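Everything below concerns the one structure shown next.
The values are calculated or read from the model by the stated rules, or taken from the named source; none is laboratory data. Just so we're clear, the structure is a prediction, and the values are computed from it rather than from any experiment. Note: ideal-geometry Cβ built from the backbone for every residue, glycine included; neighbour counts use all protein chains shown.
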Amino acid sequence: MKAISRLFWLPALCFSTGFTWSQVFPQQSGSGPIPATNILSSIPTSGILRIDYNFYVIPDTLDIYYDHANIFHSGQIQNFGEFNIRYGPGTSTELTIVLNQDGGDFNTNWEYIPSVVPAPPGLSIAAGTNGVTVSWPAVGTNFVLEATSDLTAPAAWTVMTNEIHVSAATISVVIQPDLPKQFFRLRGP
């Protein structure tokens with residue numbers, strides 16, 4: 001969350017929905033007590049790793065490493081589901097997935113499909129004399145800015161129709177504060 005240090009306004013929710021591409025890797029499967037390592041190569045230096053898994057009845061563990069650091073540990077889990085794990089920014093173009101790194105049950109079976117999507121552009125907010133400027137990197141040209149005053153589900157997001165300013169590095173919108181609080185997000189195609 002981003003917030004303006006004025007009393008009347010503006011935490012901003014910095015995320016987006018919709019992605020234009022994903023990098024899907026082959027399904028992995030295995031069984032038994034030996035740890036299993038899978039290295040995903042040629043990935044962007046920041047993004048979201050999505051893992052769709054089925055660990056069946058016997059619990060397994062899943063660990064994710066990026067830039068030589070453990071960035072995610074699932075603990076003992078079973079059955080099926082998905083993880084969405086943010087990583088980066090960093091320098092590495094590899095992610096390492098380790099199943100049952102401390103050993104597993106002899107009777108365990110598991111499978112998962114990893115995929116990587118780019119990290120959505122982040123929002124910046126700055127108060128100025130002409131209002132509040134919400135901006136994001138110019139690489140996010142296919143995103144639209146949306147706002148809501150209430151995050152209670154289901155939130156009613158509306159597209160901001162303010163004039164858009166584009167420079168070589170950023171896209172920005174100037175907003176006049178008219179609500180006690182307002183939340184923002186970028187929505188992709």
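Quick notes on this structure:
- None of VAL174, VAL144, VAL98 is touching a residue at least 24 places away in the same chain (Cβ under 8 Å), touching a Gly at 6+ places or on another chain (Cβ under 6 Å) and among the β-branched types (Val, Ile, Thr) except VAL174.
- Selection status of THR37, in contact (Cβ under 8 Å) with a residue 12 or more places away in the chain, over 29 Å from GLU146 (Cβ atoms) and polar (S, T, N, Q): yes
- Within the stretch 51-66, being under 15 Å from ASP102 (Cα atoms), crowded, with 21+ Cβ neighbours inside 10 Å and in contact (Cβ under 8 Å) with a residue 40 or more places away in the chain holds for ASP60, LEU62.
- One residue from GLY32, GLY75 being free of Cβ contacts under 8 Å to residues at least 24 places away in the same chain, out of contact with any His (no Cβ under 7 Å at 6 or more places or on another chain), surrounded by fewer than 16 Cβ atoms within 10 Å (Cβ to Cβ) and within 14 Å of ASN100 (Cα to Cα): GLY75
- Test result for ALA168, outside the structural domain of GLU94 (by TED's automatic domain parsing), of a type in the set (A, V, I, L, M, F, W, C) and in a strand (DSSP E or B): no
- Per the listing ILE64, ILE43, ILE71, ILE51, the residue uniquely under 25 Å from GLY122 (Cα atoms), in contact with an Asp or Glu (Cβ under 8 Å, 6 or more places away or on another chain) and either assigned to a strand (DSSP E or B) or at pLDDT 95 or above (or both) is ILE51.
- Criterion violated by GLY122 - all others in (1) at positive phi; (2) at pLDDT below 95 satisfied: (1)
- PRO44 being under 14 Å from THR91 (Cβ atoms) and surrounded by 13 or more Cβ atoms within 10 Å (Cβ to Cβ): yes
- Output for the stretch 136-165, where each listed residue is within 14 Å of PRO121 (Cβ to Cβ), of a type outside the set (Phe, Trp, Tyr) and part of a loop (DSSP other than H, G, I, E, B): THR141, ASN142
- Strands (runs of 3 or more DSSP E) contained entirely in the stretch 83-134, each with at least 2 residues that are assigned by TED's automatic domain parsing to the domain that holds ILE48: 94-99, 109-118
- Selection within the stretch 125-157: residues that are loosely packed, with under 12 Cβ neighbours inside 10 Å, hydroxyl-bearing (Ser, Thr, Tyr) and modelled with pLDDT of 85 or more. The member of this set that is farthest from LEU186 (Cα to Cα) is THR129.
- Residue match in the stretch 153-161 (condition: among the aliphatic types (A, V, I, L, M), more than 30 Å from SER92 (Cβ to Cβ), outside the structural domain of THR45 (by TED's automatic domain parsing) and more than 25 Å from the chain's Cα centre (by Cα)): no
- Where TYR112 falls short, out of the listed (1) buried (at least 18 other Cβ atoms within 10 Å of the Cβ); (2) touching a Pro at 6+ places or on another chain (Cβ under 8 Å); (3) at pLDDT 90 or above: (2)
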